[in-house]
Amino acid sequence: MSADAALGRHAARHGLELPRLEAALEWQVTLWSGEMDDAGHRDWAAWLAAHPGNQRAWAEVERLAGRLGELPSDVARHTLKRPRRFSRRQALSLFGLAGAGALVARGGWVERAVADCRSGPGEQRDLTLPDGSSLKLNTASAVNLAFDGERRLRVLPGSEIALDSRGAGGAPLRVEMAEMRLDASDSHVVLRDHGERLAVSVLAGRVEVLSGPGGIASQAATLLGGEAAWLSAGGVRRVPLDRAAALDWTRGVMRADRLPLNAFLAELGRYRHGLLYCDDDVAGLVVSGAFPVRDTDYALQSLAQALPVAVHYRTPWLVRVSAV
């Protein structure tokens, strides 16, 4: 099926007008190109406000695009910073509308969309698994379950979870994440996929690292309650456990300890839709403090009070932080 035919089917399936969805896609491509000036942003805002159908179409494109961190790294680096050729066809491939193979290669939107347990940007979910274990999903996370004669979780890329399996009996509880395979039976653990490495914080019990990328048995290790580690293709690197930091997000808090502004915005951006970025001349400003992840606009207001920066809302989906 051609990309255009796939886009037409997608529009019909979601009750959208194809011309408006095509226009929304063109706006997204222009944004990614880095060539949109202030006048272009005003035109975009006017287009959004002109018709509810435009807003629905844009919401669907924005949903497919997800947060900036889910885009290919080369696009993320150059978005809104320097011109770059980026075609409508490439955008269709990124959105999975030009074939499932391209979709999986670019980040697995389909797999996330049909996952057994999932949360959207800014959403957190508390779940009880079939064996009685407690599972909490942080923002934009997804997990597939297999509890038919076994106990297995497949945590999808970019996800963060807190899993408490203490008191749940049965077969060993296997967690597959970032090409790692763990045994998290009878434990309380926080896991986050950072892309090339996996953060593991064991709050109680023990976690067995069974294998690494490609099932490499040499990655095997045991982490006990009160221990933490980074897992990667290079091995297991143990680090001190910061229990409060590991659990901050479960309490709706994002804590920064002398974090560069650009890194802070990347982290805060996980909890909201659209693009959140800063100019290069303020990227190195240092941020410290505790910020609410359930109200990122308030967090941005607090940031502007603490640092010599201004927050510009071009639309609810596009926020830029600059020098005052």
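The values are calculated or read from the model by the stated rules, or taken from the named source; none is laboratory data. Bear in mind the structure is a predicted one, so any value in this text is a computation, not a measurement. Positions of Cβ are backbone-derived with ideal geometry, glycine not excepted, and every protein chain shown enters the neighbour counts. To get the accessible areas, we keep the full protein, side chains included, count just its heavy atoms, and leave off ligands, DNA and RNA. Shrake-Rupley method; radii C 1.70, N 1.55, O 1.52, S 1.80 Å.
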Considering the stretch 111-145, residues that are in a loop (DSSP other than H, G, I, E, B) and touching an Asp or Glu at 6+ places or on another chain (Cβ under 8 Å), and then whichever is surrounded by the most Cβ atoms within 10 Å (Cβ to Cβ), we arrive at Ser141
Look at the stretch 155-165 and say how many of its residues are open to solvent by 20 Å² or more (accessible area, probe 1.4 Å) and modelled with pLDDT under 95.
-> 2
Can you tell which of Leu48, Leu21 is in contact with a strand residue (DSSP E or B) (Cβ under 8 Å, 6 or more places away or on another chain), open to solvent by less than 30 Å² (accessible area, probe 1.4 Å) and touching a residue at least 40 places away in the same chain (Cβ under 8 Å)?
-> Leu48
Go over the candidates Gly269, Gly252 one by one and state the one that is open to solvent by less than 50 Å² (accessible area, probe 1.4 Å) and on the phi < 0 side of the Ramachandran plot.
-> Gly269
If you go through the stretch 186-206 one residue at a time, do you hit one that is modelled with pLDDT under 90, surrounded by 21 or more Cβ atoms within 10 Å (Cβ to Cβ), in contact with a Pro (Cβ under 8 Å, 6 or more places away or on another chain) and not in a strand (DSSP E or B)?
-> no
If you take the residues of the stretch 290-309 that are in contact with a helix residue (DSSP H, G or I) (Cβ under 7 Å, 6 or more places away or on another chain) and part of a strand (DSSP E or B), which of them is most open to solvent (accessible area, probe 1.4 Å)?
-> Pro292
Have a look at Asp242, Asp281, Asp183 and point out the one that is open to solvent by 40 Å² or more (accessible area, probe 1.4 Å), more than 21 Å from the chain's Cα centre (by Cα) and over 30 Å from Val324 (Cβ atoms).
-> Asp242
Evaluate the following for His312: is it part of a loop (DSSP other than H, G, I, E, B), open to solvent by 50 Å² or more (accessible area, probe 1.4 Å) and modelled with pLDDT under 95?
-> no
Any pair with Cβ under 8 angstrom, 6 or more apart, that starts in the stretch 284-301 at a residue that is under 16 Å from Leu318 (Cα atoms) and ends at one that is surrounded by 15 or more Cβ atoms within 10 Å (Cβ to Cβ) and of a type in the set (Ser, Thr, Tyr) = Thr296/Tyr271
Of those in the stretch 160-180 that are among the charged types (D, E, K, R) and more than 19 Å from the chain's Cα centre (by Cα), the residue farthest from Gly225 (Cα to Cα) is Arg174
What residue, of Ser134, Ser165, Ser187, is under 19 Å from Ala115 (Cβ atoms) and in contact (Cβ under 8 Å) with a residue 24 or more places away in the chain?
-> Ser134
Answer yes or no: is there a residue in the stretch 210-218 that is within 27 Å of Glu123 (Cα to Cα), open to solvent by 20 Å² or more (accessible area, probe 1.4 Å), modelled with pLDDT under 95 and in contact with a strand residue (DSSP E or B) (Cβ under 6 Å, 6 or more places away or on another chain).
-> no
